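Encoded as structure tokens, the structure appears first; notes follow it.
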Amino acid sequence: MDTEDSITEQVCQESDVQDGELREVEVAGHTVLLVRNKMEFSAVGSKCTHAGASLSKGVLAGNRLRCPWHGACFNIRTGDIEEYPTLDCLPCFKVRVEDGKVFITAKKRDLESDRKLKAMSERCRSNENTMLLLGGGTAALVCAETLCQEGFTGRIIMVTKEKHVPYDRTQLSKAMDKTLESIYLRQQDFFEAHGIEVWTDKEVVSVDTQGQKAHFQDGAVQRYDQLLIATGSSPRQLQCPGSDLENVCSLQTPEDANRILHLATGKRVVILGASFIGMEVAAFLSDKASTICVVEREEFPFQAVLGPQVGGVAMKMLQNKRVKFYMKAEISELQGENRKVTEAVLASGEKLPADVVVVGIGVTSNSAFLKEASIAMDRRGAILVDLFMQTNVPRVFAAGDVTSFPVTLFGGMTATIRHWQIAQAHGHIAALNMLKKQKALHTVPFFWTSLLGKSIRYAGYGKGYTETVVKGDLEQLKFLVFYIKDDYVIAVASLNFDPMVSLVAEVMYSGRQISKAEAQSSDITWMKQA
């Protein structure tokens, strides 16, 4: 380490820090995380690079440190990312022990930053090997960055039909008033600096897998050596009379979020669907719209994923903010005047006044452009991939929301899981295998939803669960719910119970099964076995 701009400070006595302890210490007025693992010390940045959670409250398993909020993992020896969702590594500092005293040496610039970009290779113009990435979401972004970090010097082209470089789509329903610049995952100059071409406003219309070419709506054709399809999904369109009226909105882009917020402020809002988009939009607009009604076919919000217990809690939270729910109900018609929606008519005949209708009734895979290709898909249009993100066609990979993939930690069943973290993990694995580095996907699905300043966290894959074990108190908004199938835990959800979901995720990651009896028990020694 260069000493020119470095600082060395004693931070504690060796005997003060227990094995496995995560301790925040101060170096030159900046907080650093000191970790003692198997009697050896490491020091890294103290905040998760994804959303700024304090890593001192995280979960340590060997050299892996998992964030307590959203499950991102870092190597405590190098600061490198070991699990998503995040794009940047942690700064890493030198530690030495002398005469029972612990010293940390750190560069000033590393202390002042809370993140570090892993070294990226430079573009070599004579290398004509082309990686074509269809899609401008987080799967394609992580794929592009991983290619550079793994030494690829050829051409990387990321193509998106949107007007923007990749942005944090999870924010669109949680914070609809954010500026574009604040949700961009990387700024334009980042792509220019690292030789990654980003083509915006460009839509793919077909792929010729034999000729290794992609055709675009504007008539352009681009050849590739390796192809990644990461085109994501689009909101399912409402099919009923009046669905084409003005002020009937779906949420897909930053422009959609801004428009919905503008239309809804001070107005009467009807939201169709009580899953993640619908509930987050209802929560965000709860103090901005004059009235909000949520219409849902199921008995509880989030029912398909989180179940009636957690869904019931979420519903009460929003009911306390004057959001009105119409459950086990369906829309039959939208009525309007002068082409603008004025009422949503339920199948029961009840009419809900509406100045704006937000449609959140699910999504469909963006794969129609592959209809002439020989790429295998399931009946819903999701591209089938193996654990290497490889399709049935050589040199063609797929990642993110548009895929159906084997969930190895949960019986190897094939599933489409549209989580932010999953898309990033897919992009990373796809890049490694595009470079023939033979790396299989090994991840625990992890997601979160935010309502009224509170986050419900979830890890695992709970499809087909038959019962639950609840710890804490649902009414008091402090709980941990285990989802059980065949006497084993297959998923977990929590509210105000950090870092338990991250801890359970780490146990699952290790391959250890958690029994129903262990979930029910007050003995938590199994949690130490991650």
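Scan segment 310-341 residue by residue and report those that are crowded, with 18+ Cβ neighbours inside 10 Å, without any contact (Cβ under 8 Å) to a residue 40 or more places away in the chain and in a strand (DSSP E or B).
Correct list: TYR326 only.
Within segment 171-189, can you find the residues that are farther than 25 Å from LEU451 by Cβ and either charged (D, E, K, R) or surrounded by 18 or more Cβ atoms within 10 Å (Cβ to Cβ) (or both)?
Selection gives GLU181, ARG186, ASP189.
Do you know which of the residues in segment 66-107 that are more than 20 Å from the chain's Cα centre (by Cα) and basic (Lys, Arg) is least open to solvent (accessible area, probe 1.4 Å)?
Ranking the candidates gives LYS107 first.
Anything in segment 94-145 that is in a strand (DSSP E or B) and farther than 30 Å from ARG169 by Cα? List them, or say none.
Of all residues in segment 94-145, those in a strand (DSSP E or B) come to 94-98, 101-107, 116, 130-134.
Hits for segment 94-145 are LYS94, VAL95, ARG96, VAL97, GLU98, LYS101, VAL102, PHE103, ILE104, THR105, ALA106, LYS107.
Could you count how many residues in segment 1-53 are closer than 23 Å to PRO68 by Cα, of a type in the set (D, E, K, R) and touching a residue at least 24 places away in the same chain (Cβ under 8 Å)?
3
Could you tell me whether any residue of segment 212-220 is surrounded by fewer than 18 Cβ atoms within 10 Å (Cβ to Cβ) and modelled with pLDDT under 95? Full working, then the answer.
So the first thing to find is which residues in segment 212-220 are surrounded by fewer than 18 Cβ atoms within 10 Å (Cβ to Cβ), and the list is 213, 215, 217-220.
Next, only the ones that are modelled with pLDDT under 95 stay: none.
The answer is no; no qualifying residue exists.
Looking at (1) surrounded by 24 or more Cβ atoms within 10 Å (Cβ to Cβ); (2) over 19 Å from GLY71 (Cα atoms); (3) not β-branched (Val, Ile, Thr), can you tell me which one LEU452 breaks?
(1)
Let me spell it out: the conditions are (1) at pLDDT 95 or above; (2) buried (at least 16 other Cβ atoms within 10 Å of the Cβ), and ARG115 meets all of them except one. Which number is the exception?
(1)
Name the residue that is nearest to the chain's Cα centre (by Cα), counting only residues in segment 223-255 that are more than 18 Å from ILE271 (Cα to Cα) and among the aliphatic types (A, V, I, L, M).
This residue is ALA230.
Scan segment 230-241 and give yes if some residue there is touching a His at 6+ places or on another chain (Cβ under 8 Å) and either open to solvent by less than 40 Å² (accessible area, probe 1.4 Å) or in contact (Cβ under 8 Å) with a residue 40 or more places away in the chain (or both), otherwise no. Can you show your working first?
Of the residues in segment 230-241, the ones touching a His at 6+ places or on another chain (Cβ under 8 Å) are 230.
Cutting the leftovers down to either open to solvent by less than 40 Å² (accessible area, probe 1.4 Å) or in contact (Cβ under 8 Å) with a residue 40 or more places away in the chain (or both) gives us 230.
There is at least one residue in segment 230-241 that is touching a His at 6+ places or on another chain (Cβ under 8 Å) and either open to solvent by less than 40 Å² (accessible area, probe 1.4 Å) or in contact (Cβ under 8 Å) with a residue 40 or more places away in the chain (or both).
Somewhere in segment 68-85, is a residue of a type in the set (S, T, N, Q), farther than 30 Å from ASN496 by Cβ and part of a loop (DSSP other than H, G, I, E, B)? Walk me through it before giving the result.
Within segment 68-85, the first condition is being of a type in the set (S, T, N, Q), and the residues that meet it are 75, 78.
Filter once more, so that each one left must be farther than 30 Å from ASN496 by Cβ: 78.
Right, trim to part of a loop (DSSP other than H, G, I, E, B) and you get 78.
Yes.
I need every pair where a residue in segment 187-212 that is on the phi < 0 side of the Ramachandran plot has its Cβ under 6 Å from the Cβ of a residue that is among the aromatic types (Phe, Trp, Tyr), sequence separation at least 6 or different chains.
Pairs found: VAL198/PHE191; LYS202/PHE216; VAL204/PHE216; VAL204/PHE369; VAL205/PHE369; SER206/PHE369.
Out of the residues in segment 352-370 meeting the condition of being in contact (Cβ under 8 Å) with a residue 40 or more places away in the chain and open to solvent by 50 Å² or more (accessible area, probe 1.4 Å), tell me which one is farthest from LYS328 (Cα to Cα). Write out each step before concluding.
Our first condition is that a residue be in contact (Cβ under 8 Å) with a residue 40 or more places away in the chain; within segment 352-370, this holds for 352-367, 369-370.
Filter once more, so that each one left must be open to solvent by 50 Å² or more (accessible area, probe 1.4 Å): 353, 361, 363-364.
Details: PRO353: 19, ILE361: 14, VAL363: 20, THR364: 23 Å.
The selected residue is THR364.
Filter segment 455-470 for residues that are out of contact with any His (no Cβ under 8 Å at 6 or more places or on another chain) and surrounded by 16 or more Cβ atoms within 10 Å (Cβ to Cβ) and give the result.
Going through segment 455-470, the residues out of contact with any His (no Cβ under 8 Å at 6 or more places or on another chain) turn out to be 455-456, 458-470.
Hits for segment 455-470 are SER455, ILE456, TYR458, ALA459, GLY460, TYR461, GLY462, LYS463, TYR465, THR468, VAL469.
Would you confirm, using the coordinates I've provided, whether SER404 is within 27 Å of ILE271 (Cα to Cα), open to solvent by less than 50 Å² (accessible area, probe 1.4 Å), out of contact with any Cys (no Cβ under 8 Å at 6 or more places or on another chain) and at pLDDT 95 or above?
Working: within 27 Å of ILE271 (Cα to Cα): no; open to solvent by less than 50 Å² (accessible area, probe 1.4 Å): yes; out of contact with any Cys (no Cβ under 8 Å at 6 or more places or on another chain): yes; at pLDDT 95 or above: yes.
Judged against the criteria, SER404 is not a match.
Taking ALA61 as meeting all but one of (1) open to solvent by 10 Å² or more (accessible area, probe 1.4 Å); (2) of a type in the set (A, V, I, L, M, F, W, C); (3) touching a strand residue (DSSP E or B) at 6+ places or on another chain (Cβ under 6 Å), write down the number of the exception.
For ALA61, the exception is condition (3).
What's the number of the only condition in (1) touching a residue at least 40 places away in the same chain (Cβ under 8 Å); (2) out of contact with any strand residue (DSSP E or B) (no Cβ under 8 Å at 6 or more places or on another chain) that LEU441 fails to meet?
(2)
Does PHE388 fit the bill of being assigned to a strand (DSSP E or B), more than 18 Å from the chain's Cα centre (by Cα) and within 27 Å of PHE447 (Cα to Cα)? Before you say what the answer is, go through the steps one by one.
Values: assigned to a strand (DSSP E or B): no; more than 18 Å from the chain's Cα centre (by Cα): yes; within 27 Å of PHE447 (Cα to Cα): yes.
Considered against the rule, which asks whether it is assigned to a strand (DSSP E or B), more than 18 Å from the chain's Cα centre (by Cα) and within 27 Å of PHE447 (Cα to Cα), PHE388 comes out as no.
Can you name the residue in segment 146-158 that is touching a residue at least 60 places away in the same chain (Cβ under 8 Å) and not in a loop (DSSP other than H, G, I, E, B) and, of all such residues, is surrounded by the most Cβ atoms within 10 Å (Cβ to Cβ)?
Across segment 146-158, the extreme among qualifying residues is LEU147.
Does segment 407-429 hold any residues that are in a helix (DSSP H, G or I) and either of a type in the set (Ser, Thr, Tyr) or surrounded by fewer than 17 Cβ atoms within 10 Å (Cβ to Cβ) (or both), and which are they?
Going residue by residue through segment 407-429, those that are in a helix (DSSP H, G or I) are 408-410, 420-429.
THR408 - this is the single residue of segment 407-429 that is in a helix (DSSP H, G or I) and either of a type in the set (Ser, Thr, Tyr) or surrounded by fewer than 17 Cβ atoms within 10 Å (Cβ to Cβ) (or both).
Test each condition in (1) over 21 Å from CYS143 (Cα atoms); (2) open to solvent by 40 Å² or more (accessible area, probe 1.4 Å); (3) assigned to a loop (DSSP other than H, G, I, E, B) for ASP201 and report the one that comes out false.
(1)
Quickly run through segment 371-392 and pick out the residues that are open to solvent by less than 50 Å² (accessible area, probe 1.4 Å), among the polar types (S, T, N, Q) and free of Cβ contacts under 8 Å to residues at least 24 places away in the same chain.
Once the filter is applied, which keeps residues that are open to solvent by less than 50 Å² (accessible area, probe 1.4 Å), among the polar types (S, T, N, Q) and free of Cβ contacts under 8 Å to residues at least 24 places away in the same chain, segment 371-392 yields nothing.
Being under 24 Å from the mean Cα position of the chain (by Cα) and of a type outside the set (Lys, Arg) narrows it down to one of ALA220, ALA175, so name that one.
Details: ALA220 fails: under 24 Å from the mean Cα position of the chain (by Cα).
Just a single option satisfies the conditions, and that option is ALA175.
On the given criteria, is GLN18 surrounded by fewer than 22 Cβ atoms within 10 Å (Cβ to Cβ), assigned to a loop (DSSP other than H, G, I, E, B) and out of contact with any helix residue (DSSP H, G or I) (no Cβ under 6 Å at 6 or more places or on another chain)?
Details: surrounded by fewer than 22 Cβ atoms within 10 Å (Cβ to Cβ): yes; assigned to a loop (DSSP other than H, G, I, E, B): yes; out of contact with any helix residue (DSSP H, G or I) (no Cβ under 6 Å at 6 or more places or on another chain): yes.
Yes, satisfied.
The values are calculated or read from the model by the stated rules, or taken from the named source; none is laboratory data. Here the structure is a predicted model, which is why all the values come from computation and not from measurement. We place every Cβ from the backbone using ideal geometry, glycine too, and count neighbours over all the protein chains shown. Protein only, heavy atoms only, side chains kept; ligands, DNA and RNA dropped before computing areas. Shrake-Rupley method; radii C 1.70, N 1.55, O 1.52, S 1.80 Å.
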